[in-house]
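Below is one structure, written out as structure tokens; comments come after it.
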Amino acid sequence: MDAMASIPKRVGEIRFGLLSPREVRKMSITPIITADTYDDDGYPIDMGLMDMRLGVIDPGLICKTCGSRAGDCPGHFGHIELVAPVIHVGFNKLILKSLRSICRNCSNFLLEPQRKNEYLEQLQQLKIMGHSTDDLVNDLFKEARKTKVCPHCNEEQVEIKFEKPSDYIENGEKLTPTEIRERFENMSDDDVRLMGMDPSNARPEWMILTVLPVPPVTVRPSITLESGQRSEDDLTHKMVDIIRINQRFQENREAGAPQLILEDLWELLQYHVTTFFDNEVSGVPPARHRSGRPLKTLTQRLKGKEGRFRGSLSGKRVNFSARTVISPDPNLSINEVGLPYAIAKQMTLPVNVISRNLEKMRQYVARGNDVHPGANYVIRADGRRIKVTDVNCTDLAEKLDIGWVVERQLQDGDIVIFNRQPSLHKMSIMAHHVKVLPYKTFRLNPAVCPPYNADFDGDEMNLHVLQTEEARAEAEILMKIQENILSPRFGGPIIGGIHDHISGMFLLTRTDNDISKNDALDLLRKSHIRQLPEPAGYRDDGEPYWTGKQIFSQLLPDDLNLEYVAEVCFKCDECDRENCENDAYVIIENGELITGTIDEKGIGAFKGHIVDKIVKEYGSTKSAEFIDDMTRLAIRAIMRSGLSFGISDEDIPKEAQMHISEIISNAEDEVKRLIEAYEARELEPLPGRTLDETIEMKIMQKLGVARDKTGDVAGNHLGLDNSAVIMAKSGARGSMLNLTQMAASVGQQAVRGERIRRGYTGRTLPHFSKGDLGADAHGFVKSSYKSGLNPTEYFFHAVGGREGLVDTAVRTSQSGYLQRRLVNALQDLEVQYDGSVRETRGVIVQFKYGEDGIDSTKSDYSNPETIHSIVKSVTGKEVEQ
Amino acid sequence: MRNISLLDHELIPKHEILATDELQTVLNHYQIDKEQLPKIKSSDPIIQEIGALEGDVVKIIRKSQTAGEGLYYRLVIK
Ligand SMILES: [Mg+2]
Ligand SMILES: [Zn+2]
Ligand SMILES: [Zn+2]
Ligand SMILES: [Zn+2]
């Protein structure tokens, strides 16, 4: 390429206009006159739709117009002379507006000459200032349409009606495209300017087509099927239709066919040209393929998600990527991803052969492409790519030399990029090291589910293999999981223990488990710990034992100091701190867990204080190691006792059940009394509320209290020996409310925060009398999930449940669109090395990133008191406020 | 005539016209031309109050929870 071509040029102006018939003919290489494509020998027919001068698509052939090969030849336009003019569907709106604002007789714009000049002046002014003329032009159209008599020839104007798809009715008769075109042709240049058009670039009559450009074959390539049969592009099919009808029209006209038949043919020609541009015009039956599939014509190529803009330009499919279902593997490091053998054997990474890796690369090539880790291609020093097969592998390995490139298969330790859609934040795309594994799914440590928002109910993820050293280095330094443990959203960890990790750690560290040597070794077996601490004590038989707190402490850095209130805290009025009877006050001194239970507040994603502290004070490698060891320990701990949940875990004693029904019937009585007071007009309205609102609120409140009370009753009978309670209290999964609903009472169902009121006039269901305000008539479910719901309760439950579903469906689509708009607006902003935020022209958006220059992942929840703990750790003294 | 000062309102940060030498320091610091600063319209009430003219640069001092004070500069345009 010559040097001139690489100098960047500035786009000064983009001009949009209409193609004039002259331009169409000028850019055309040949008129297309025959609808046939190939002759009997399979050779393209001259002046047919596949004319060789329209460009080449078959490799090896040379273009008859420009002499280039397929791929270099851009293709060349042809044209069809239409026997009768037709309307371009894309301009129907503008044609209608124009017709209505010009005289039906003399084609003058329907304004007094003086007004015209005023408007022309204004338009000129707007153009000079670089403003949009759209609003003014629309005013003009409106004003002209109001004129009933032409000020130039005194002709009375008639209302023109538009009928789908492209008929213009005047005085009950259809205007033919020829008539419309004539009116436009007679317009003066100044009148055209009044319509917001530039007469040198766009004359209104060009909206009525007399010549149709034929797109080059490169735009509509035909494909050869396996059977050797040629299959043409949809656009070609459409062009064939247009040419056929065009010819028939001409023959009929020359033969002097009756007007009726000619009109039908004209209509048909209009139909084919219309569907050539857009096959989804309302009021036009879409043109179909023989199979019944609607044709994909010009508009369909551009429009929508799979269209040229959103599908091919904004988003593309890429090479070196893989996609499959994900599944969990707690034995992998958080930095790893399990890659199926089948994928590892397909995906490659280019390695430059140098003297120091020549022997090694020979081994890869010698293994061929079927034995992992082998090589799939080699590229010779002269740039030729050769596929490695088991036939040529030994030969190629021998020939392999410095300067060649080997595309070797992925193997353990290679860095790849892993992604789950929707990619809403930067942690949706992170780098992992490959671990090649059997079977067909990507495997990942469940601790990295939160940043990807992944679960294993069939989720699929994408994987990309980096092809250059620079990309791999960047991924390693910036994108690896361990570098993204802290979320910039809130400055805390987004990776950490989930579900069973939390339950397991809770079970391990809660009670003074005595753990035998065997068990202790087993618990720590998968961690990097190789030494047991001094035992906590000795059993009666002289055997040593260790506590769960001790075992967990082994994973902590030796100089870690931390104090916080655990998730299990009962929020007592006065905290007993280290003497907490629930063991909910965590104290870690010099890497030793002294008191407290480790739960979600300690190791959980989002909330884990220990994870947070380790990342911020010991760095990412140490944190990754901690999370790996901690999750593996937790899984081993939970397997020691097992943790399961069944229907019998919701059992509560008879007395408790009676207590619950008593609470509920009391509440119902209270509601009844409220209603009586309301009906007797004795109820005092709450400030700022109507009486109706007041009674609703009071009832809701009464029933809410009752449900909570039943929950308390059930909770008193379900202790920490119940697995659901363990999960709820430790923050692993679920809540006490879930348990209340299962064991005691489901409670009030609501739509938009109110009791259910919709349904028949005056009542929700025919089971109740009109005007019944009672609890059961408006969606209070007193049964528990375990005892089962009665039919009306079940119905209300479904009503309430549907609101939740609709809400999530609506919210995701709305927030998705919002995200798209935000990203489109902000994608070019960049934080500079001086801390300022600038866009591409160098215009400053923020003088300091976020106006304070703070990186939230390095700021400990934006809490300025962080400095105090640092001062304390350095000086040993508490900072005074 | 308005008889209150916008600057007295708690939600309106302090605006002041930047002196030429100070402006030069800012432009040098960020290695930019005046046109690459953020803009503010001369019709903006606060600009009219402090009497800044087209081509002036105003310095805006905002209160910030994290940074104490955040500085911002805007070029006054028509
Ligand atoms: Mg899922
Ligand atoms: Zn060509
Ligand atoms: Zn007229
Ligand atoms: Zn407590």
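One line per residue, one yes/no per condition, for (1) of a type outside the set (S, T, N, Q); (2) farther than 22 Å from A:Glu662 by Cα; (3) modelled with pLDDT under 90:
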position	(1), (2), (3)
A:Gly762	yes, yes, yes
A:Phe768	yes, yes, no
A:Gly774	yes, no, yes
A:Phe780	yes, no, no
A:Ser787	no, no, no
A:Thr792	no, no, no
A:Phe796	yes, yes, no
A:Thr808	no, yes, yes
Practice task
Would you check if there is a residue in segment A:568-588 being in a helix (DSSP H, G or I), more than 16 Å from ligand 1 (Cβ to nearest atom) and open to solvent by less than 10 Å² (accessible area, probe 1.4 Å)?
Solution key: no
Problem - For A:Asp629: the one exception among (1) under 28 Å from A:Gly779 (Cβ atoms); (2) under 42 Å from the mean Cα position of the chain (by Cα); (3) open to solvent by less than 30 Å² (accessible area, probe 1.4 Å) - result: (1)
Completion exercise
From the option list A:Pro213, A:Pro204, A:Pro221, A:Pro199, single residue qualifying as of a type outside the set (A, V, I, L, M, F, W, C) and either at positive phi or buried (at least 20 other Cβ atoms within 10 Å of the Cβ) (or both) is A:Pro204
Exercise for the section: Considering only segment A:71-110, state which residues are near ligand 2 (Cβ under 9 Å from one of its atoms) and open to solvent by less than 40 Å² (accessible area, probe 1.4 Å). Expected result: A:Cys73, A:Gly75, A:His76
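Looking only at segment A:104-120, decide whether some residue is more than 16 Å from ligand 4 (Cβ to nearest atom) and under 45 Å from the mean Cα position of the chain (by Cα).
At the first step, the residues of segment A:104-120 found to be more than 16 Å from ligand 4 (Cβ to nearest atom) are A:104-120.
Retained after the next criterion (residues that are under 45 Å from the mean Cα position of the chain (by Cα)): none.
No - not one qualifying residue is present in segment A:104-120.
So, A:Arg757, is that one touching a residue at least 40 places away in the same chain (Cβ under 8 Å), of a type outside the set (A, V, I, L, M, F, W, C) and either over 30 Å from A:Ala656 (Cβ atoms) or surrounded by 11 or more Cβ atoms within 10 Å (Cβ to Cβ) (or both) or not? Before you say what the answer is, go through the steps one by one.
Values: touching a residue at least 40 places away in the same chain (Cβ under 8 Å): no; of a type outside the set (A, V, I, L, M, F, W, C): yes; either over 30 Å from A:Ala656 (Cβ atoms) or surrounded by 11 or more Cβ atoms within 10 Å (Cβ to Cβ) (or both): yes.
When the stated conditions are applied, A:Arg757 does not pass them.
Of everything in segment B:18-38, what is at the interface with chain A (Cβ under 9 Å from one of its Cβ atoms) and either exposed (fewer than 13 other Cβ atoms within 10 Å of the Cβ) or assigned to a strand (DSSP E or B) (or both)? Give them in sequence order.
Pass one, segment B:18-38, residues at the interface with chain A (Cβ under 9 Å from one of its Cβ atoms): B:26, B:29-33, B:35-38.
Passing the criteria: B:His29, B:Gln31, B:Asp33, B:Glu35.
One line per residue, one yes/no per condition, for (1) touching a strand residue (DSSP E or B) at 6+ places or on another chain (Cβ under 9 Å); (2) within 16 Å of ligand 3 (Cβ to nearest atom); (3) modelled with pLDDT under 90; (4) in a loop (DSSP other than H, G, I, E, B):
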{"position": "A:Gly75", "(1), (2), (3), (4)": "no, no, no, yes"}
{"position": "A:Ile80", "(1), (2), (3), (4)": "yes, no, no, no"}
{"position": "A:Val86", "(1), (2), (3), (4)": "yes, no, no, no"}
{"position": "A:Gly90", "(1), (2), (3), (4)": "no, no, no, no"}
{"position": "A:Lys93", "(1), (2), (3), (4)": "yes, no, no, no"}
{"position": "A:Leu99", "(1), (2), (3), (4)": "yes, yes, no, no"}
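Quick one: is A:Val11 under 45 Å from the mean Cα position of the chain (by Cα), surrounded by fewer than 16 Cβ atoms within 10 Å (Cβ to Cβ), at pLDDT 85 or above and outside the structural domain of A:Thr178 (by TED's automatic domain parsing)? Can you show your working first?
Values: under 45 Å from the mean Cα position of the chain (by Cα): yes; surrounded by fewer than 16 Cβ atoms within 10 Å (Cβ to Cβ): yes; at pLDDT 85 or above: yes; outside the structural domain of A:Thr178 (by TED's automatic domain parsing): yes.
When the stated conditions are applied, A:Val11 passes them.
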Handout entry: Count of segment A:343-391 residues which are open to solvent by 70 Å² or more (accessible area, probe 1.4 Å) and out of contact with any strand residue (DSSP E or B) (no Cβ under 8 Å at 6 or more places or on another chain)
Key = 13
Practice task
Would you check which residues across segment A:583-616 are without any contact (Cβ under 8 Å) to a residue 60 or more places away in the chain and touching a Leu at 6+ places or on another chain (Cβ under 9 Å) and list them?
Solution key: A:Val586, A:Ile587, A:Ile588, A:Glu589, A:Asn590, A:Gly591, A:Glu592, A:His609, A:Ile610, A:Lys613, A:Ile614
Exercise for the section: Of all residues in segment A:380-397, count the ones that are outside any loop (DSSP other than H, G, I, E, B) and not hydrophobic (A, V, I, L, M, F, W, C). Expected result: 4
Completion exercise
Scanning segment A:261-282 residue by residue, those open to solvent by 60 Å² or more (accessible area, probe 1.4 Å) and farther than 26 Å from A:Glu251 by Cα turn out to be A:Glu280, A:Ser282
Practice task
Answer yes if at least one residue in segment A:808-830 is open to solvent by less than 80 Å² (accessible area, probe 1.4 Å), within 14 Å of chain B (Cβ to nearest Cβ) and under 30 Å from B:Lys34 (Cβ atoms), and no otherwise.
Solution key: yes
Handout entry: Among the candidates A:Ala454, A:Ala475, A:Ala431, residue that is among the aliphatic types (A, V, I, L, M) and farther than 29 Å from A:Ala375 by Cα
Key = A:Ala454
Problem - Pick from segment A:438-467, criterion within 15 Å of A:Met347 (Cβ to Cβ) and more than 16 Å from ligand 1 (Cβ to nearest atom), ranking: surrounded by the fewest Cβ atoms within 10 Å (Cβ to Cβ) - result: A:Lys440
Exercise for the section: Say whether the condition of being among the polar types (S, T, N, Q) and either in a strand (DSSP E or B) or within 12 Å of chain A (Cβ to nearest Cβ) (or both) is met by at least one residue in segment B:45-62. Expected result: no
Problem - Residue satisfying condition, being open to solvent by 60 Å² or more (accessible area, probe 1.4 Å) and either more than 16 Å from ligand 1 (Cβ to nearest atom) or charged (D, E, K, R) (or both), within set A:Lys146, A:Lys116 - result: A:Lys146
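The values are calculated or read from the model by the stated rules, or taken from the named source; none is laboratory data. Computed from a predicted structure; not experimentally measured. Ideal geometry is used to build each Cβ from the backbone, glycine not excepted, and the neighbour counts take in all protein chains shown. We work out accessible area using only protein heavy atoms, side chains counted, and drop any ligands, DNA or RNA first. Shrake-Rupley method; radii C 1.70, N 1.55, O 1.52, S 1.80 Å.
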